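In what follows, a single structure is set out as structure tokens and then discussed.
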């Protein structure tokens, strides 16, 4: 079985401050990992993905994430947030050989002016 | 432009009525998915289909039905057997690259009165 845990349901941060959104996963096989962003009443958009290779992955809008196999983590980071980053962020996992994608419960990022 | 179209965006129904949510894609993707989103619970998989005329139950299939008669279309019926149907429903598709990256529609919000 595979699972994704996002420990923080809400993260408030001041504008231009750095932010880290945490994601831990569980899987007995190799994994593909994803971060998606959702703005209110909209679908999800892909921010970035880890498939293999370099453990530091860069995505859109200045976000990056680091895959850490020993800690089974895939935390999302941004060095300086903007008001427009206010949204809900989802970490997701697909194990090799399976079509099912499992999502975490989401983290709401609130950027404070 | 290629993408996924869900309709209707908002839907109100009386208790005990079946409703069908439409999902159409022009991305030429083989796999399609339906997720249900409730506050604080992330996305939960209802059904998915990897090929025309074939589909599998996800984690919360009870009270739902689907069909996949065409590659482009994957409609979801919320039946009267679904105990708590009020939710935000998201349709997604993925291509043949095998990485599991999902492309989402804008969602359909169903409210049962």
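When A:110, A:99, A:71 are screened for being more than 11 Å from every other protein chain (Cβ to nearest Cβ), in a loop (DSSP other than H, G, I, E, B) and touching a strand residue (DSSP E or B) at 6+ places or on another chain (Cβ under 8 Å), only A:71 passes.
Checked against (1) assigned to a strand (DSSP E or B); (2) within 14 Å of another protein chain (Cβ to nearest Cβ), residue A:52 passes all but a single condition, namely (1). Those strands (runs of 3 or more DSSP E) of segment B:34-84 in which at least 2 residues are within 12 Å of chain A (Cβ to nearest Cβ) and exposed (fewer than 15 other Cβ atoms within 10 Å of the Cβ), considering only elements entirely within it, cover B:43-51, B:54-57.
With respect to (1) in a loop (DSSP other than H, G, I, E, B); (2) exposed (fewer than 15 other Cβ atoms within 10 Å of the Cβ); (3) within 14 Å of chain A (Cβ to nearest Cβ), the lone exception for residue B:101 is condition (2).
The residue that is nearest to residue B:5 (Cα to Cα), among those in segment B:104-113 that are outside any loop (DSSP other than H, G, I, E, B) and more than 8 Å from chain A (Cβ to nearest Cβ), is B:108. Applying the set (1) under 15 Å from the mean Cα position of the chain (by Cα); (2) crowded, with 16+ Cβ neighbours inside 10 Å to residue A:2 leaves exactly one unmet item: (1).
Just so you know, all these numbers are worked out from the coordinates, no wet-lab data involved. Values in this document were obtained by computation on a predicted structure and should not be read as measured data. Here the Cβ is made from the backbone with ideal geometry for all residues, glycine too, and neighbour counts use every protein chain on show.
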